[in-house]
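Here the structure comes first, spelled out in structure tokens, and everything after it is commentary.
The values are calculated or read from the model by the stated rules, or taken from the named source; none is laboratory data. All of these numbers come straight from a predicted model, not from anything done at the bench. All Cβ positions, glycine included, derive from the backbone under ideal geometry; neighbour counts span all protein chains shown. Keep in mind that these areas ignore ligands, DNA and RNA; they rest on the heavy atoms of the full protein, side chains included. Shrake-Rupley method; radii C 1.70, N 1.55, O 1.52, S 1.80 Å.
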Amino acid sequence: MSELLSVPLKKPTDVDLVRPLNNLIKSSYTNLGPSKLSGIEQAVSKFNYQRNAAVWKGFEKSENALEIIYAYYDQLCALETKIMVQDFQVPFKWKDAFDKGSIFGGRMSLTLSSMVFEKICVLFNIAALQSSLAVTQNLNDDAGLKMAAKLFQQSAGIFFHLKSAAPAAIAQEPTVDLSSDVLCALNSLMLAQAQEIFVFKAIKDNMKDLIIAKLCCQCEEMYSEALKMLQKDSIRSLWEKEWITIVAGKQAGLHALTMFFSSMVAKANKKVGEEISQLQKSVELFKIAQSRMGKSNFLDEYLSKANKNLAEAKKDNDFIYNEMIPDINSLPGPGKAQLAKNLPLSSVMSANFKDVFADLTPVVMYQAMTASETRKTEIVNGEVMKLREGTQSLNTLLSSYNLPAAVETTASGSALPPSLLEKANDVREKGGIDGLQKMVNELPELLNRNREILDEAERMLNEESSADEQLRAKFAEQWTRTPSSKLTQTFRENCATYRKIIDNAINADKTVREKFEQNRRGIEILSMTENEMALEIPSSATKSDMRNSSAAQHLKALMESVNTIKAERDVVESELRSATINLKDQFLAALAADGAINEPAISLSEIRRVLTPLQNQVQDSLSRQEALIQDIKDTHQKFVSETGASGESNEQLFSQLATAYDVFSELQKNLQDGVKFYNDLTQLLIIFQNKISDYCFARKTEKEELMKDLTQQASRQAQSTIPTVPVHMASTSLISEQATAPTPPAHSTPYPLQSQIMPMPGYGANMPYATYAPLPMPQGFNPYATLPYPNTYQSFPQVPNAAYYTYPGPASSQHHHAQHPPQ
């Protein structure tokens, strides 16, 4: 046998994976240290080189080239588990393998920003290269026969896989080589050629005639199926002109061999009449095969044997047996034996595959760890808020009673209670009014920076969409790519979400400024030196009977209890924030055992174990505060009854200063959180802007390629002349017929407490910004796909760090597509 066919390879184009892949990894894995980050960047560069080498190496058609493309495909599969592939915006362009798309109705090339599309095209080329290597094997050698059979079956298995995988991966019109009809035809052809190798091996090994006949019968049926598929009207013009003639000749030749080896079985069984009928048919079919192939020597050796055996059988029958010659259609076939099968894809194709991204945690694992940390942080934030609300409630009560100043003994010659002096000293150490004013003044600048980034992102989306609509109107139905409106829906929704966040932040800033202005005078006084304060505050000493009363002494003791509770709360808050859980080993074990991670069940159990003792301390502190507040109220009432007054003649001023101190402490935390809030939001918006930039660049490349295809298609109208397959090249088989086949608390901090997540400003009289708890990243994660912004942790995405980006505008890059915003 000869004339084995190989499939041509798809033609790739080079792409630069470095910038978009680095961006995606850094935005997905927020906890990479400098050394690990450097290693990842090197891995990305290596992967980029590997890709651009592998896709061209296949054209060398060597075993080494096949191993290289195997390794690249394995790396694609490995990377797929470690990034969100839908966010990998790289325009992969692949041309039609048969390079006839614009002539015969399909497209010559296709550009898609899809890693799955890249895998499909690489798989096609692996199957094509396997067929090319199978054709080059030495079929006179057992090792060559085994390798050829293996390669053809592997190739058939890939084409079989692509029949379902390609339509799922390509949402628009594919190049013709990836159409369902073509893939089915190639699968049938590879299987038939693999079966032919088994026939050749059986003949070479002198196996029993019946076994060979069964193998030939199956092979003839496979070639008959391949011939039917190749001759479909939709694709018959696609093939090289000799393909159909070769397959038709092979089908007739295998049918002839089936008859020939069946005659050998009849001869052994002394059934001369059957032998003659089968030999006559085989001679007829050998001649048909030679005619179809256009080669008079095709299977000439077997034709000679058949003619010789036929002459001898006729002679023996005439002189000895005198048997009737049965009609060939009345004879049973030898049966079938299929050895060629679609080999399934190996989980790892390369013999020595090494994942260059081995240091990256699988994305499902990272999501589970992120979700677990998010759950813990949400609970921690809730407990911290309880403590802060309790402390603020306590401070409000004390300010209204002018405590502890009302019961303190002033120093000789001083009009200022010791507690007030301590508060003033604390305010000065923390920067006083000037430090607070500076932070307030920073907010508008930070706000404008974020607004400008979002405006630029929306501008790029609008420009790309406008260009797409103009070309769609120009080319009408020829403009086949997916409309921008469908692809950018999530981007648009998240632009609106970020815009709402910024609008809420403006309201939050206004609340902070109003509270600052309302208490400015008190904070100014507390920022003064002791001497300056003494000049501002009228001298008034506490009456001796006031500070010596039993109620006053009791109030002093209660103030000590207040200080103790506040100190305890600082410790508990610190312990809450430093609490850690490490579930990596448990998650890995679950992933290995079940192939999935039940993160909620594993996380909640461990979180309860770690945080329950601290939560109990929080509850105990709040319970003791309730009793303490009631005791303070009762004692203060007794104090007023004993002294006839609340204490100081300038009690109202001291109360205002105490309130100013509490507001100073609150605003300082709020403004620190607010600055951090805006800085974190800047990072998130730059990541968002970069994603849009990558998307726009990919769409620009896709647009240019489609326009090029349309231009070429318009200029190439000549039809290629391909011979029509004669009717007589239908199946010659006469043996058998082929089978048909929540609302934030009122007194919580206005800005988020955690930096690794997307902040969400909220509302509230005393809390201009809602407390934001980091939440788990769901499967199929798009970090900008939440609108309206939910209040339950299950819906919030985990948003990555983007410190590596630059501001303003798209991230700086040496690549031309980053320097010029895509259209």
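Got a sec? Which of S605, S641 is open to solvent by 60 Å² or more (accessible area, probe 1.4 Å), of a type in the set (S, T, Y) and at pLDDT 85 or above? Steps first, please.
On the way: S641 fails: at pLDDT 85 or above.
Checking each option against the conditions leaves just S605.
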Members of region 303-331 that are open to solvent by 40 Å² or more (accessible area, probe 1.4 Å), part of a helix (DSSP H, G or I) and either touching a strand residue (DSSP E or B) at 6+ places or on another chain (Cβ under 6 Å) or within 22 Å of L257 (Cα to Cα) (or both): S304, K305, N307, K308, A311, E312, K314, N329, S330
Residue among L684, L628, L657, L611 that is within 30 Å of D455 (Cβ to Cβ), among the aliphatic types (A, V, I, L, M) and either open to solvent by less than 30 Å² (accessible area, probe 1.4 Å) or part of a helix (DSSP H, G or I) (or both): L684
Scope region 183-217; condition farther than 17 Å from L145 by Cα, touching a helix residue (DSSP H, G or I) at 6+ places or on another chain (Cβ under 6 Å) and not aliphatic (A, V, I, L, M); matching residues: C184, N187, S188, D209, C217
Selection within region 275-301 - more than 28 Å from Y321 (Cα to Cα), open to solvent by less than 30 Å² (accessible area, probe 1.4 Å) and part of a helix (DSSP H, G or I): A289, Q290, R292, M293
Matching residues, region 627-648, being in contact with a helix residue (DSSP H, G or I) (Cβ under 9 Å, 6 or more places away or on another chain) and of a type in the set (D, E, K, R): D631, K633, K638, E642, E648
Residue in region 102-109 that is under 12 Å from D709 (Cβ atoms) and modelled with pLDDT of 90 or more present: no
Selected residue (only one of K336, K376 is within 30 Å of K669 (Cβ to Cβ) and crowded, with 17+ Cβ neighbours inside 10 Å): K376
Condition met for F697 (within 28 Å of E514 (Cβ to Cβ) and either open to solvent by less than 30 Å² (accessible area, probe 1.4 Å) or within 40 Å of the chain's Cα centre (by Cα) (or both)): no
Cβ pairs under 6 Å, 6+ apart, first in region 446-466 and of a type in the set (S, T, Y), second assigned to a helix (DSSP H, G or I) and modelled with pLDDT under 90: S465/S484
Candidate set: region 421-476, residues that are β-branched (V, I, T) and closer than 30 Å to Y498 by Cβ; chosen: the one modelled with the lowest pLDDT: V440
Helices (runs of 4 or more DSSP H) lying entirely in region 1-84 (those with 1 or more residues that are in contact with a strand residue (DSSP E or B) (Cβ under 8 Å, 6 or more places away or on another chain) and either open to solvent by less than 20 Å² (accessible area, probe 1.4 Å) or farther than 30 Å from Y223 by Cβ (or both)): 34-57
Test: residue in region 447-454 that is under 30 Å from E530 (Cα atoms), open to solvent by 50 Å² or more (accessible area, probe 1.4 Å) and of a type outside the set (A, V, I, L, M, F, W, C): no
Filter pass, A358 being in a helix (DSSP H, G or I), at pLDDT below 90 and either in contact with a strand residue (DSSP E or B) (Cβ under 7 Å, 6 or more places away or on another chain) or aliphatic (A, V, I, L, M) (or both): no
Filter pass, I501 being open to solvent by less than 10 Å² (accessible area, probe 1.4 Å), at pLDDT 85 or above and either in contact with a Phe, Trp or Tyr (Cβ under 7 Å, 6 or more places away or on another chain) or closer than 24 Å to E702 by Cα (or both): no
Hey, I581 farther than 30 Å from N519 by Cα and either part of a helix (DSSP H, G or I) or of a type in the set (D, E) (or both) or not: no
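Condition check ((1) over 29 Å from E464 (Cβ atoms); (2) over 21 Å from the mean Cα position of the chain (by Cα)) across all residues:
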| position | (1), (2) |
| --- | --- |
| Q478 | no, yes |
| T488 | no, no |
| K510 | yes, yes |
| R520 | yes, yes |
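For region 520-565, which fully contained helices (runs of 4 or more DSSP H) count at least 3 residues that are of a type in the set (A, V, I, L, M, F, W, C) and modelled with pLDDT under 85? Steps first, please.
Numbers: elements: 520-526, 530-536, 544-547.
Per the criteria, 530-536.
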Within region 105-131, considering residues that are open to solvent by 10 Å² or more (accessible area, probe 1.4 Å) and polar (S, T, N, Q), the one farthest from V348 (Cα to Cα): S113
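Would it be correct to say that L254 is under 27 Å from Y223 (Cα atoms), in contact with a Gly (Cβ under 9 Å, 6 or more places away or on another chain) and aliphatic (A, V, I, L, M)? First the steps, then the outcome.
Working: under 27 Å from Y223 (Cα atoms): yes; in contact with a Gly (Cβ under 9 Å, 6 or more places away or on another chain): no; aliphatic (A, V, I, L, M): yes.
Here the answer is no, as L254 does not meet what is asked.
Is it true that L145 is at pLDDT 90 or above, crowded, with 20+ Cβ neighbours inside 10 Å, under 25 Å from S350 (Cβ atoms) and among the aliphatic types (A, V, I, L, M)?
Working: at pLDDT 90 or above: yes; crowded, with 20+ Cβ neighbours inside 10 Å: no; under 25 Å from S350 (Cβ atoms): yes; among the aliphatic types (A, V, I, L, M): yes.
So L145 does not fit the description; no.
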Residue among L227, L210, L254 that is open to solvent by less than 10 Å² (accessible area, probe 1.4 Å), part of a helix (DSSP H, G or I) and within 25 Å of E312 (Cβ to Cβ): L254
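Does A169 fit the bill of being closer than 16 Å to L5 by Cα and either open to solvent by less than 40 Å² (accessible area, probe 1.4 Å) or aromatic (F, W, Y) (or both)? If you could, list the steps in order and put the result at the bottom.
On the way: closer than 16 Å to L5 by Cα: no; either open to solvent by less than 40 Å² (accessible area, probe 1.4 Å) or aromatic (F, W, Y) (or both): yes.
Here the answer is no, as A169 does not meet what is asked.
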Within region 339-373, tally of residues that are among the small types (G, A, S) and open to solvent by 40 Å² or more (accessible area, probe 1.4 Å): 4
Test: residue in region 479-489 that is farther than 26 Å from N670 by Cβ, among the polar types (S, T, N, Q) and open to solvent by less than 10 Å² (accessible area, probe 1.4 Å): yes
